[in-house]
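S.K.: Can you read through this structure? Questions will come right after.
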Amino acid sequence: MPNAIVTSDRPVALFGGAGAEKTVVNDVLALCGPVAAADGGADVALAHGVVPQAVIGDMDSLSAAGRAAIPPGSIHGITEQETTDFDKALRSIAAPLIIGVGFHGARMDHQLAAFTVLARHADRRCLLAGPEDCVCLMPPRLELEATPGEFLSLFPLGPVMGRSEGLEWPIDGIAMTPAGRGGTSNRVTAGRVVIEVDAPLMLLIRPRAALAGSARALMAAPAQWPARAR
């Protein structure tokens, strides 16, 4: 990938600045190899005893103490102000999967902005881990190991249709939009769930307990959306 700052054949953990519980951090690190941070997310990583191998962003929120704790060669400033630090980091990492922690914050606008970035970079396999759930953008087809009875939500970011197997309320033939029909609070009815969608505009939300399974499913997905033209 051109202009990649971090390249790995293993999943990469990406810290955001919203803070993160220790249990969530431990779950993410157990699934990943290299660690990166989006700007002030480096302070969150350092608070958990982790020194990121790369810090990416415009560097307007990294603390002086954080900067001093990180080798200068690991700090990669991207000065443009048209995109968020999460966007800058996501597009600068080449890996089979990126697992973000510290992007489920108290500020809803930051969380919504992170979801927008997932859709903007639909060619990247990225999973965001929070204290209660994990979120990713649906690839064209995803096959999941699941536990009957667990919740599974599908939230459209734009017009999108799909089909499903293993859900209590199938989505086949339903036109979903943010202001119309959605797919939140669905339930799993089988140990295997298959979901297909026709556009890179559907968020998949699962319990945090499904983080490792979701990571495996994303890496095994047979296809991914093409990169958007810039």
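S.K.: Under 7 Å between Cβ atoms, which residue pairs at least 6 apart in sequence (or on different chains) link something in the range 163-189 that is without any contact (Cβ under 8 Å) to a residue 40 or more places away in the chain and open to solvent by 80 Å² or more (accessible area, probe 1.4 Å) with a partner that is part of a loop (DSSP other than H, G, I, E, B) and charged (D, E, K, R)?
M.R.: These pairs meet every condition: ARG187/GLU168.
Matching residues to (1) part of a loop (DSSP other than H, G, I, E, B); (2) modelled with pLDDT under 95; (3) over 16 Å from CYS126 (Cα atoms):
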| position | (1), (2), (3) |
| --- | --- |
| LEU152 | no, no, yes |
| ILE174 | yes, no, yes |
| ALA190 | yes, no, yes |
| LEU204 | no, no, no |
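S.K.: Additional query: Assuming CYS126 fulfils every condition listed in (1) within 20 Å of LEU31 (Cβ to Cβ); (2) modelled with pLDDT of 95 or more; (3) out of contact with any Lys or Arg (no Cβ under 6 Å at 6 or more places or on another chain); (4) open to solvent by 10 Å² or more (accessible area, probe 1.4 Å) apart from one, which condition is it?
M.R.: Among (1) within 20 Å of LEU31 (Cβ to Cβ); (2) modelled with pLDDT of 95 or more; (3) out of contact with any Lys or Arg (no Cβ under 6 Å at 6 or more places or on another chain); (4) open to solvent by 10 Å² or more (accessible area, probe 1.4 Å), the lone unmet condition for CYS126 is (4).
S.K.: For the range 102-118, name all the residues that are under 10 Å from the mean Cα position of the chain (by Cα) and over 8 Å from ALA18 (Cβ atoms).
M.R.: ALA114, PHE115, VAL117, LEU118
S.K.: Taking the condition of being part of a helix (DSSP H, G or I) and crowded, with 21+ Cβ neighbours inside 10 Å, how many residues in the range 4-23 meet it?
M.R.: Summing the residues that are part of a helix (DSSP H, G or I) and crowded, with 21+ Cβ neighbours inside 10 Å in the range 4-23 gives 0.
S.K.: How about the range 88-110: which of its residues are in contact (Cβ under 8 Å) with a residue 12 or more places away in the chain, assigned to a helix (DSSP H, G or I) and within 20 Å of PRO178 (Cβ to Cβ)?
M.R.: Within the range 88-110, just HIS110 meets the criteria.
The values are calculated or read from the model by the stated rules, or taken from the named source; none is laboratory data. Just so we're clear, the structure is a prediction, and the values are computed from it rather than from any experiment. So basically every Cβ, Gly included, is an ideal-geometry build from the backbone, and we count neighbours across all protein chains shown. In case anyone asks, the SASA skips ligands and DNA or RNA and just uses the protein heavy atoms, side chains included. Shrake-Rupley method; radii C 1.70, N 1.55, O 1.52, S 1.80 Å.
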